[in-house]
Amino acid sequence: RFTILLVPPVSEPALQTFDSWERLVIVHELTHVFHLDRSRGIWKTLQTVFGRLPELFPNQYQPSWVIEGLATYYESRFTAGGRAEGSYHRQAVAADAAAGHARSPWDALYFTRWPDGLAPYAYGSRFWEYLSQTVPSGDSVPPRFTEATAGQLIPFRVGRPLRHVGVPDALTEQWSRAVATAGRAEPATSSRLIVGRLRSEPLARVSPDGRKLAYIYNDGRGAQRLRVVDAKTFAVLRSHRTTGQVSFDWMGDTLIIAQLDYTGRWTVRSDLWRWLPGGGWQRMTTDARLIEPRAGGGIVSALELGKGSSVLRLPRTQRIDSSATWGPAVPSPDGRWVAATRHQNGRWALVRWLAPAPTSVTVLAEASDGSAIADPTWSEHGILFVTDAAGFPQIHLWTEGGITQVTDEPRGARAPAPLSDGRIVFATLGDDGWELRVVEPRPIAPRPAPEQSAATFDSAPPVLLRETGYSSWGSLRPHFWIPTGTNAGLAGHFYGLATAGTDAVGRYAYYATALMSGSPLRAQGSLFLINDAFGNPTLDFYASNDWWFVGIDGTGHKVSGEDREASIGATFLAHRWRRFVSLRVAGEYEGRRFVSIPDTILSDICTGCDKRDRLGGSARLAFGSVVYAPLAVSLQDGALASLLYRYETEQSTGRWLDEKVGRGEAYLRLGPRVGFAYPVLAVRAAAGSLQGPIIDRFSVGGVSSGVVPLAFGQSVGIFRTFPVRGYPAGTLYGRRAATLTAEYRVPLALVGRSIGHLPFGVDKFAVAVFGDIGDAWDTGAPRLHRLRSAGAELIGDMTVSYDLLLRLRLGVAQPATGHTRVYAAFGADF
């Protein structure tokens with residue numbers, strides 16, 4: 001199963017080339033289904049026994065450039081568009097090659113270094129497309145390769161199955177040639193760099209008076225910003241934080257901005273904002289789903305998303321030709337005309353109409369097969385737009401006299417913004433990211449286009465449909481099982497199974513275990529269920545029992561204990577792009593039973609082996625606002641806080657326990673840039689209090705690890721509320737506890753490479769120096785801050801199975817008293 005977002009991403013350069021958006025997405029995702037679902041040999045045998053266990057599908061262990069490259073190749077193979085035919089992936093590969101750091105087959109993965117998540121798609125599709133065109137019977141290589149990998153015992157291998165299907169030098173010579181052919185001949189225009197190494201397209205707009213230039217600045221090291229600079233010197237005048245999918249235009253001296261934000265627990269909407277010249281930032285719409293605002297001559301246009309299409313909204317005009325897919329519509333500076341890009345009958349076109357008569361549309365230019373027309377903007381001489389020339393996007397000028405190509409940049413040119421002096425600011429891919437450049441336009445002699453017949457386009461024939469409604473059970477029911485077991489000593493050797501599942505739309509998810517011990521005859525198990533059917537709140541339910549061995553008394557009685565736990569909770573969440581507040585309330589049960597073999601009166605042989613049932617509840621409030629950036633070594637420029645209150649009472653005795661825990665974290669980008677990112681100062685404080693006749697204590701000391709989720713509800717790592725590195729866990733116990741930590745985290749190296757030809761890699765390294773203080777004490781005792789330590793950590797973001805990110809920490813801590821301790825941990829605990 002897969003999900004189709006019905007509205008085409010008309011402003012996303014990588015996804016603009018399609019004949020039918022639904023056709024492209026379906027072909028891409030069906031390729032994943034056919035590729036990843038295929039299994040043979042030992043894998044098929046194991047599936048016959050254990051069911052559709054995700055770990056038993058061998059092709060999922062392939063590197064991401066194989067998985068995404070195949071799907072991207074086939075989306076172009078079976079449609080008249082697709083990314084393998086488009087110019088964006090060619091741009092990305094050519095830019096890497098020109099900068100001297102083209103990726104190898106072992107590095108074209110989801111590493112953080114540029115081109116980040118684009119690499120598997122761009123390199124993978126380039127490789128498979130090249131093989132299909134150059135190797136004898138090349139179009140049969142992908143299916144034969146898929147069949148070979150579906151049965152190989154070591155599923156990570158790529159080169160061996162390629163050799164078996166007749167391509168012995170695939171990962172060496174063929175890969176290098178595929179990368180090399182992405183380049184092009186010497187360009188005819190030469191541009192000047194304004195700003196580079198950006199993580200998203202620096203869309204630019206020139207103010208109507210020609211004095212200011214606004215563009216999106218996202219260097220991957222902090223929050224994305226909208227910058228306003230001087231149009232002559234490009235000096236920064238002001239900037240403002242933005243969220244995602246930002247588009248904008250000038251209306252006089254004011255910027256009209258469209259950007260995303262959360263409007264509910266599960267909904268994201270694009271709305272319009274106004275940035276005034278004095279710095280004021282005002283919201284204009286709510287839940288409007290408007291993108292790509294354009295202004296001119298007192299007219300503001302935008303695209304409205306809804307019902308699977310993008311619809312133009314203009315003053316006095318709500319909808320224009322809803323049968324087409326519209327790109328941005330740009331009013332002329334005098335307000336007389338509107339120019340737009342339109343996708344209809346499988347092809348993009350540049351169109352124009354008189355503003356008062358939106359139905360009188362005239363086609364000015366049509367895109368060739370596999371190309372798009374995008375980024376229209378008015379200039380002094382006509383309409384600038386972008387379409388492919390010689391395999392790369394270039395800026396063209398439409399006038400009444402015809403169409404002229406005006407740039408011939410080595411890696412293409414997108415998003416033109418004409419300056420008052422005649423030069424054009426544009427965006428392109430360059431060394432280590434996007435670049436914003438400026439060029440003097442000049443007429444380019446047209447190159448002869450390769451002869452090709454125009455691809456015909458028609459909708460699929462109608463088929464009969466039957467709407468059945470939605471039932472979750474078909475996908476939610478168990479589809480696999482895995483053997484599991486645990487040794488509880490003389491309390492029993494337990495063996496059984498575990499299973500998990502989720503429904504197709506993500507309303508329910510569960511993990512369950514069931515185990516039995518033959519001698520003595522006992523059962524234990526667990527069930528964890530999450531229910532998102534109500535939207536907000538999320539409901540969770542947990543129940544388990546666990547046997548453990550207590551001991552043998554002097555008369556030979558074997559005493560075992562059974563712990564029982566259950567909880568039901570509801571989590572409410574309200575959030576925006578960078579801030580959130582959540583509240584979880586829960587009812588909780590904790591019980592304990594004891595059993596003796598042979599049976600006897602437990603109080604006679606075991607002190608404290610009394611039946612116990614505790615009922616209670618808890619509430620946890622969490623809130624915060626932080627900035628995350630892909631190149632950052634930590635959260636930064638914000639703070640998080642949580643407050644926990646828990647109360648429980650013992651049913652048989654009336655005893656009670658009251659627990660309060662508070663925790664706060666602050667992150668500040670501090671210091672100049674070091675290497676690939678900025679240092680961050682992180683501070684954490686935690687304090688807790690226990691009251692009541694039930695005896696319980698906090699534990700202080702030890703290393704807190706981030707919890708790394710594994711499959712089927714399992715995880716590794718131990719999170720500690722009150723850690724102090726350099727001391728063993730549980731060094732101090734008390735009814736009161738407090739800890740304070742300060743860390744200074746510094747970038748070390750951005751690697752982004754696999755370790756040889758192994759399915760393991762190194763993404764990036766950082767180093768942190770820290771100091772910890774902590775104490776635990778009972779009511780009335782002094783707070784002495786008895787635990788103090790200082791040390792350093794090496795933090796490595798690694799990859800396993802090619803693309804799964806795993807953070808490892810290797811540290812050394814010197815306590816105030818005692819020997820230096822070396823430790824290792826997973827993840828980051830804050």
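Using the count of nearby Cβ atoms within 10 Å as a rough guide to exposure, how do K611, K212, K558 rank from fewest to most?
Fewest-to-most ranking of K611, K212, K558: K611, K558, K212.
Sorted from largest to smallest, which semi-axis lengths in Å does the alpha carbon gyration tensor of segment 671-830 give for its equivalent ellipsoid, taking the root of 5 times each eigenvalue? Walk me through the intermediate numbers first.
Numbers: eigenvalues 216, 72, 32 Å².
Semi-axis lengths for segment 671-830 are 33, 19, 13 Å.
When you have a sec, figure out the Kirkwood radius of segment 621-726 from all distinct Cα pair distances and drop it here in Å to one decimal? Each step should come with its number before you reach the end.
Working: mean 1/r = 0.0595 Å⁻¹.
For segment 621-726, the Kirkwood estimate is 16.8 Å.
Excluding same-chain residues fewer than 8 positions from K764, which lysines have a Cα within less than 27 Å of its Cα?
Cα-Cα hits under 27 Å: none found.
Restricting to DSSP H runs of at least four residues, report the calculated mean residue ellipticity at 222 nm for the chain, -39500 (n - 2.57) per run over all residues, nearest 500 deg cm²/dmol. Mind showing how you got there, number by number?
Numbers: 10 runs with 97 residues, N = 830.
Value at 222 nm, helices only: -3500 deg cm²/dmol.
Give, in nm to one decimal, the length gained when the segment between E173 and T607 is fully stretched (0.36 nm per residue of separation minus the Cα-Cα distance). Intermediate results must be reported in sequence, preceding the final value.
Working: separation 434, 0.36 × 434 = 156.24 nm, distance 7.53 nm.
Answer, rounded to one decimal: 148.7 nm.
Report Rg(Cα)/(2.2 N^0.38 Å) for segment 746-830, keeping two decimals. Intermediate values should be presented prior to the final figure.
Working: Rg = 17.4 Å, N = 85, 2.2 N^0.38 = 11.9 Å.
In units of the globular-protein estimate, segment 746-830 measures up at 1.47.
How much length is gained if the chain between R144 and L808 is pulled fully straight, taking 0.36 nm per residue apart and subtracting their Cα-Cα distance, in nm to one decimal? Before the final figure, lay out the partial values.
Details: separation 664, 0.36 × 664 = 239.04 nm, distance 3.81 nm.
Full extension from R144 to L808 adds 235.2 nm.
What is segment 671-830's relative contact order, in percent, from Cα pairs under 8 angstrom and six or more apart in sequence? Can you show the working numbers first?
Values: 432 pairs, mean separation 36.7, N = 160.
Averaging sequence separation for qualifying contacts and normalising by length gives 23 percent for segment 671-830.
Any chance you could tell me what percent of the C-alpha pair distances in the chain go past 38 Å?
Numbers: 180625 of 344035 pairs.
Beyond 38 Å sits 53 percent of the P(r) for the chain.
For segment 13-180, count the residues as N, evaluate 2.2 N^0.38 Å, and divide the Cα radius of gyration by that value, please. Please list the in-between numbers first.
Numbers: Rg = 15.8 Å, N = 168, 2.2 N^0.38 = 15.4 Å.
Taking N as the residue count of segment 13-180, the ratio is 1.03.
Among the lysines, which fall within straight-line cross-link reach of K611, defined as a Cα-Cα distance under 19 Å, with same-chain neighbours fewer than 8 residues apart omitted?
By straight Cα distance, K611 reaches K558.
How would W326, W378 line up from fewest to most surrounding beta-carbon atoms within 10 angstrom?
W378, W326
Hey, fewest Cβ within 10 Å first, where do W337, W128 land in order? The partial results should precede the final answer.
Working: W337 18, W128 27.
Listed from fewest to most nearby Cβ atoms, that is W337, W128.
Please state, as a whole number in µm²/s, the translational diffusion coefficient that the Stokes-Einstein equation yields for segment 192-439 at 10 °C and 1.306 mPa s, with Rh defined as the Kirkwood radius across alpha carbon pairs. Could you put the intermediate results ahead of the total?
Numbers: Rh = 18.4 Å.
In µm²/s, the coefficient is 86.
How many angstrom lie between the C-alpha centres of segment 257-279 and segment 592-649?
Cα centroid to Cα centroid, the span is 39 Å.
Which helices of the chain meet both criteria: a Cα extent of 18 Å or more along the helical axis and a mean Kyte-Doolittle score no lower than 0.0, with helices taken as whole DSSP H segments? Intermediate values should be presented prior to the final figure.
Working: long enough: 21-37 (24 Å, 0.30); 64-77 (19 Å, -0.24); 119-134 (22 Å, -0.65).
Helices meeting the span and hydropathy rule in the chain are 21-37.
Using alpha carbons only, how many angstrom separate the centre of segment 738-798 from the centre of segment 357-422?
Comparing the Cα centres of segment 738-798 and segment 357-422, I get a distance of 52 Å.
For segment 506-568, would you read off the P(r) tail past 17 Å as a percentage of all alpha carbon pairs?
Values: 1083 of 1953 pairs.
Everything past 17 Å amounts to 55 percent.
From Cα pairs below 8 angstrom and at least 6 apart in sequence, can you work out the relative contact order of segment 192-439, rounded to a whole percent? Write out the running numbers ahead of the final one.
Details: 633 pairs, mean separation 37.1, N = 248.
It comes to 15 percent, rounded to a whole number.
I'd like the distance between the alpha-carbon centres of segment 130-192 and segment 35-63, rounded to an integer number of Å.
24 Å
Over the chain, calculate the relative contact order: mean separation of alpha carbon pairs under 8 Å at least 6 apart, over the residue count, as a percent. It would help to have the intermediate numbers written out before the result.
Values: 2097 pairs, mean separation 65.4, N = 830.
Taking the mean separation of contacting Cα pairs over the length of the chain, I get 8 percent.
Give the Debye-formula value of log10 I(q)/I(0) at each listed q (0.24, 0.25, 0.29 Å⁻¹), with one equal scatterer per alpha carbon of segment 84-127, two decimals each.
-0.77, -0.84, -1.12
Laboratory data are not the source of any read-out in this text; all were calculated from the coordinates shown. Keep in mind that this is a model prediction, so the values were computed, not measured. Quick reminder, even Gly has a Cβ in these numbers, built from the backbone with ideal geometry, and neighbours come from all protein chains shown.
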